[in-house]
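J.: Quick one: this structure, given as structure tokens, is what I'll be asking you about.
The values are calculated or read from the model by the stated rules, or taken from the named source; none is laboratory data. The structure presented is a predicted model; accordingly, all values stated were derived computationally and were not measured. Methodologically, a virtual Cβ is constructed for each residue, glycine included, from the backbone with ideal geometry; neighbour enumeration extends over all protein chains shown.
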Amino acid sequence: MKTIRYTFWAIVGLCLILIGLANRDFVTVRAMPQAMADLLGLSPDIQLPLFVVIFIGVGAGLVIGFLWEWVREHRIRSDARAKTREVESLKREVAQLRGAVATAQGDDDVLALLEKTG
């Protein structure tokens, strides 16, 4: 299994290296369209290699997707926490009742009989 995992990550790494080598040319990344930049008098732009732009785009997409899923699953996580608290309180209640039955068995023969049949 480790061999398959290492092979997979080696192929992924090789693909990333090939993408980086194939896209080494510099591109200009602008924060706003040229007409708007001329109108406002500022032009926030930067020159980066194309593979860096691609990797930043993929990374930003992954982060946005992870955050979206985390927010979407909030209700599921809160329900699970509530059910866990309920299970723990029921376990404590059952333990208390078993202790009460154990002390009452010596006092009441009917309870002792019922406990044996249950």
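J.: Among ALA60, ALA104, which is surrounded by 10 or more Cβ atoms within 10 Å (Cβ to Cβ), out of contact with any Phe, Trp or Tyr (no Cβ under 7 Å at 6 or more places or on another chain) and at pLDDT 95 or above? Reasoning before the result, please.
T.: Working: ALA104 fails: at pLDDT 95 or above.
Just one listed residue meets the conditions, ALA60.
J.: Mind checking whether some residue in the stretch 1-12 is at negative phi, modelled with pLDDT under 90 and surrounded by 11 or more Cβ atoms within 10 Å (Cβ to Cβ)?
T.: no
J.: How do the pairs read when you match residues in the stretch 19-36 that are within 9 Å of LEU50 (Cα to Cα) with residues anywhere that are of a type in the set (A, V, I, L, M) and part of a strand (DSSP E or B), using Cβ under 7 Å and keeping only pairs 6 or more apart or on different chains?
T.: Listed pairs, sorted by first residue: PHE26/LEU48; VAL27/LEU48.
J.: Can you tell which of ARG24, ARG81, ARG92, ARG75 is out of contact with any Gly (no Cβ under 8 Å at 6 or more places or on another chain), of a type outside the set (S, T, N, Q) and part of a loop (DSSP other than H, G, I, E, B)?
T.: Exactly one residue qualifies, and that residue is ARG24.
J.: Among the residues that make up the stretch 64-76, is at least one of them in the same structural domain as GLY20 (by TED's automatic domain parsing), surrounded by 10 or more Cβ atoms within 10 Å (Cβ to Cβ), under 28 Å from LEU14 (Cα atoms) and more than 31 Å from the chain's Cα centre (by Cα)?
T.: no
J.: Sticking with this structure for a sec: Sort out which residues of the stretch 46-64 are in contact with a Lys or Arg (Cβ under 9 Å, 6 or more places away or on another chain) and more than 19 Å from ARG24 (Cβ to Cβ), and write them in order of number.
T.: Passing the criteria: none in range.
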